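One structure is given below, encoded as structure tokens.
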Amino acid sequence: MEMTMCFPLLLLICSLSTAQLQTEADNEIIPHGKQTESQGREPTNASDRQQTCTQDINAVLREMSATLAEQRVEMRHLQRENEAQAAKLRELELQKTEVDKMKQQLKAQAAELTNTRAELTNTRAELTNMRAELSNTTARTDVTENQVEALKRDNEAQAAELTNTRAELTNTRAELTNMRAELSNTTARTDVTENQVEALKRDNEAQAAELTNTRAELTNTRAELTNMRAELSNTTARTDVTENQVEALKRDNEAQAAELSNMAARTDVTENQVEALKRDNEAQAAELTNTRAELINMAEELSNMTARTDVTENQVEALKRDNEVKQVAFSTSLLASGSGTIGPFNTYTPLVFRYVVTNIGNAYNPNTGLFIAPVRGAYHFEIYIGAHGHASHPSSVVLVKNGEHIFIAYAHQPSHYGSSANGATLLLEVGDVVFLRLRGNSRVYDNENHHSTFSGNLLFTM
């Protein structure tokens, strides 16, 4: 505003200064000869100049007034435009504020929509898991029912077999009574038989426990196999469900705009379904628990019946073995054919007596040189060895029981043929091992005359 007012004043001052300078210049240019004429005309020119200057000033003032009027009009117009722009600016600011608020609301709605979608996805996942668990529970229940039916059939078969076994046991007991009547005449044999029965009972108890453990392991293995099959079936079902879920989620993404309005109702329905499924699962879990308890009871009964049957079978087998295994005896020679010397070696070396004269009961193995006791009892063993004389290498053999050195047969002479013998009576348990070892730096000789022999026999069972 101040700059607009100053501009016309500057124009006025410049015009006045220009007029004054022009007048002075005109005065200086007039010739000296005409000075007298100019002096005579000076009052007239001065008044003319004054009138002309006044007219110029008035014109300038009129121009300035017109300019000022135009500028005022322009200023009012600019003020109105400024006010309109300020109003528009305020409206724009209000619109911007509203837009920001709407953006925040949209962000909040988007976050809420994301959370709602996540909750819906979790709810669907839980529903799918519950359906899968329900399917697994149903499958397990069916498997359990099938197992119960199979166990019932097995129980019926075992009951029939147990009846037959009891009949056989009755017959066996009758035979045993007759045999005891026959054996009652000999007191020594009766004592030996009673000792054998006690030993066999202990062995049967140990074997029954081992058999029970083996069957328990077999049952656990079968259960693990069943669980692995069920898990494989569950994995396949879950894979199918996952693929269906992917397709369903694709369709859900396309229809999310429509589903958003119905989400509240669907959530309520889903929660009701979840609650219903939970109740169904609890009921099925309780039913499954009861079924498992019944199955465990039936398995225990079956295990008891099986144990009793096994004990009975073991007793029958033991009695049969008592009747069959009454004599064990063997007699062997070192070389199967020809002649030769074995040794010397730096360490103890097992001897294998390959020529078998007698092997009643087949307790001796000519391929390994090991005698394995078939029954618990007292056994007598005899050793006969020989070798040609040598200054540094004796003839020495050790009788070994389960890795323990028992007796030794030893002979050493620098020349001619030398021999040695020894024997022992050992109490052996079932499975005990007896064999001969050649001592280090020793040697033993044998030929077709069978100088080096290893013999043994069962004296009586215990």
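The values are calculated or read from the model by the stated rules, or taken from the named source; none is laboratory data. From a predicted model like this one, the values you see are computed outputs, not experimental measurements. No Cβ is skipped: glycine too gets one built from the backbone with ideal geometry, and neighbour counts run over all protein chains shown. Protein only, heavy atoms only, side chains kept; ligands, DNA and RNA dropped before computing areas. Shrake-Rupley method; radii C 1.70, N 1.55, O 1.52, S 1.80 Å.
Observations, loosely collected:
- The set of residues in segment 354-385 being part of a loop (DSSP other than H, G, I, E, B) and under 14 Å from Val398 (Cα atoms) consists of Gly369 alone.
- Some residue of segment 92-107 being modelled with pLDDT under 85 and closer than 16 Å to Asp252 by Cα: no
- Residue selected from segment 409-446 under the condition of a type in the set (A, V, I, L, M) and free of Cβ contacts under 8 Å to residues at least 40 places away in the same chain, by the criterion surrounded by the most Cβ atoms within 10 Å (Cβ to Cβ): Ala409
- Glu182 vs. criteria at pLDDT below 70, open to solvent by 80 Å² or more (accessible area, probe 1.4 Å), more than 30 Å from Asn234 (Cβ to Cβ) and out of contact with any Lys or Arg (no Cβ under 7 Å at 6 or more places or on another chain): yes
- Residue count for segment 99-131 satisfying the condition of being small (Gly, Ala, Ser) and either open to solvent by 100 Å² or more (accessible area, probe 1.4 Å) or under 14 Å from Gln273 (Cα atoms) (or both): 1.
- Any hit, segment 314-323, residues being free of Cβ contacts under 8 Å to residues at least 40 places away in the same chain, in a loop (DSSP other than H, G, I, E, B), open to solvent by 50 Å² or more (accessible area, probe 1.4 Å) and not hydrophobic (A, V, I, L, M, F, W, C): no
- Segment 337-355, residues that are touching a Phe, Trp or Tyr at 6+ places or on another chain (Cβ under 7 Å) and either of a type outside the set (S, T, N, Q) or loosely packed, with under 15 Cβ neighbours inside 10 Å (or both): Pro350, Phe353
- Of residues in segment 410-462 being among the polar types (S, T, N, Q) and assigned to a loop (DSSP other than H, G, I, E, B), the one farthest from Ala329 (Cα to Cα): Ser415
- Qualifying position, being modelled with pLDDT under 75 and of a type in the set (D, E, K, R), among Arg279, Arg292, Arg251, Arg266: Arg266
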